[in-house]
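Take a look at the structure set out below.
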Amino acid sequence: MSFHPDTYAALSVTDKLIISKDSGDGIQVDPAAPTWGWRDILGAVNPKAVGAGSPTRAVYDGGHVADYAFITGDLCDFGYHMPHDWVPGTDLHFHVHWSHNGTTISGNAVFDLYYQVAKRDGLYTAEKNLTITYNTTNIATTPRIYHRVDETQMSSAAGSATMVATSNIEVDGYILTTLKLTTLPTLSAGAKLFIHTCDIHYQSSNIGTKNKVANFYA
């Protein structure tokens, strides 16, 4: 379904745009090559609180603003609720937002993602493990206090040893994740690597489901 620009002039503030409730229907973008738009499921860093593997709150680049700094082996947890506008059958992509405050940097930044997925009323899948590696060449390619976002695909149609099958994902479901900094790049003395947040990119129908419980599309 599409609209000619003249259609909008005929709409009043009391009119409603009514779209099919069926799974896979919704609002796409780009008339020349229609596709589902992307949205984020946001997550706040929930650091391991005590003992080995616990990130440290540290001042970032001034006197007051602080965030969690990570060294090798540090852990943090995230939880994600699947929104009702997710397009069934489309894949999820995990992002790590991070930066450093060093004057030099070399080596690799390696993050390990451990995660399990459950439908709204269902068992969690077995734990999966994905690795995100960024090759930090030098301070020119990876500048100080530069916001980096590194991504990995976390679901696929058939699933794999590292990716969950997309059929295990459902709106109103939940994703449990733990992120580990497996390898810390070499930084200048006193400098730190910060993980600011992690989010999941998903493709959106831009509409909610008709029903609040399964079957969501009946």
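The values are calculated or read from the model by the stated rules, or taken from the named source; none is laboratory data. Treat the numbers as computed from the prediction; the structure is a model and nothing was measured. Ideal geometry is used to build each Cβ from the backbone, glycine not excepted, and the neighbour counts take in all protein chains shown.
Looking at segment 194-216, which of the residues that are farther than 16 Å from Thr152 by Cβ and surrounded by 19 or more Cβ atoms within 10 Å (Cβ to Cβ) is farthest from the chain's Cα centre (by Cα)? My answer is Thr209. Return yes or no: is Gly62 modelled with pLDDT under 95, of a type outside the set (Ser, Thr, Tyr) and outside any strand (DSSP E or B)? Yes, satisfied.
Inspect segment 71-78 for any residue being more than 17 Å from the chain's Cα centre (by Cα), under 30 Å from Gly208 (Cα atoms) and surrounded by 14 or more Cβ atoms within 10 Å (Cβ to Cβ) and give the result as yes or no. No, there is no match, as no residue in segment 71-78 is more than 17 Å from the chain's Cα centre (by Cα), under 30 Å from Gly208 (Cα atoms) and surrounded by 14 or more Cβ atoms within 10 Å (Cβ to Cβ).
Note on segment 81-137: residues that are of a type in the set (Gly, Ala, Ser), in contact with a Ser or Thr (Cβ under 8 Å, 6 or more places away or on another chain) and over 30 Å from Lys210 (Cβ atoms) amount to 4. Of the residues making up segment 149-188, just one is assigned to a strand (DSSP E or B), buried (at least 17 other Cβ atoms within 10 Å of the Cβ) and charged (D, E, K, R), namely Lys180.
Listed by first and then second residue, the pairs with beta-carbon distance under 8 Å, at least 6 apart or on different chains, first residue in segment 63-83 and on the phi > 0 side of the Ramachandran plot, second part of a strand (DSSP E or B), are Gly73/Lys180; Gly73/Leu181; Gly73/Thr182.
Among the residues making up segment 24-44, those that are modelled with pLDDT of 90 or more and assigned to a loop (DSSP other than H, G, I, E, B) are Asp25, Gly26, Ile27, Gln28, Asp30, Pro31, Ala32, Ala33, Pro34, Trp36, Leu42, Gly43.
Take Thr90 and decide whether it is outside any strand (DSSP E or B) and at pLDDT 95 or above. For Thr90, the condition - outside any strand (DSSP E or B) and at pLDDT 95 or above - is met. Can you say whether His95 is crowded, with 16+ Cβ neighbours inside 10 Å, closer than 30 Å to Asp25 by Cα and out of contact with any strand residue (DSSP E or B) (no Cβ under 7 Å at 6 or more places or on another chain), as far as the supplied structure shows? When the stated conditions are applied, His95 does not pass them.
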